[in-house]
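Working notes for the structure below.
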Amino acid sequence: MRDHQDMPARKSAGTSSFATIEAPRRLKLEKLYRLCRRNRRGSAVVEFAIVAPVFFAFTLGMIEVGRAVMVQQILTTASREGARQAVLDGATQSAVTTFVTSYLTSASVSSGGATVAFNPSLPTASGYTGPVTVTVSVPFSQVTWSPSPIFLKGTTLTASTTMQREGIQ
């Protein structure tokens, strides 16, 4: 029968695995761990250099697309409000254009690049009761938050609304 001193130490619930390993073997493992850590010192910098451009491009793309969706919704509302003004009897193109431009300005959209088109042109005669289409468009480069758009370069945002013109019978 062997002595209890010759038997390997048993692992108790509160001790780490290093406490159960003999001292020379533990030193070898610690040296190996230190060697592995030393070889990985620059890996975080390399990983960041690989992942950072993708992350920043993804983030900027989300900001640009989010702004485009927001401006598109504002243009849709502006064209609808312009069409509501255009279908009223006695409406003129200049009055509707001014109304749409002031709406865009109040919604913090640069109205300098915005165009308002009518189809057909608003007639001056009060008897016309056909449909009127108001189209509002703006180049995305005029409304972007970034100095120069990367992903939506050259895109024009457009919204169109058609309503039946009211007439006095």
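On the basis of the beta-carbon distance and an R0 of 30 Å, A107 and F58 show a calculated FRET efficiency of 0.60. Working from label points 7 Å from Cα in the Cα-to-Cβ sense, the T156 to A23 distance is 8.4 nm. Here the peptides 47-59, 96-108, 149-161 are ranked by packing, the mean other Cβ count within 10 Å, and the order with the highest first is 96-108, 149-161, 47-59. Counting Lys and Arg as +1 and Asp and Glu as -1 over every other residue whose Cβ lies under 13 Å from the Cβ of A83, the net charge comes to +1.
Rg and Dmax of segment 43-164, based on Cα coordinates, read 19.5, 77 Å.
Report the local net charge at P147: Lys and Arg +1, Asp and Glu -1, summed over other residues whose C-beta lies under 15 Å from its C-beta. Charge balance in the 15 Å sphere: +1. Site pair I50 and E30 shows an inter-label distance of 3.3 nm when each label is modelled 7 Å from Cα along Cα→Cβ.
Rule-based calculations on the coordinates, nothing more; no lab input. Just so you know, these numbers come straight off a predicted model, no measurement behind them. Glycine also receives a Cβ, built like all others from the backbone with ideal geometry; neighbour counts cover every protein chain displayed.
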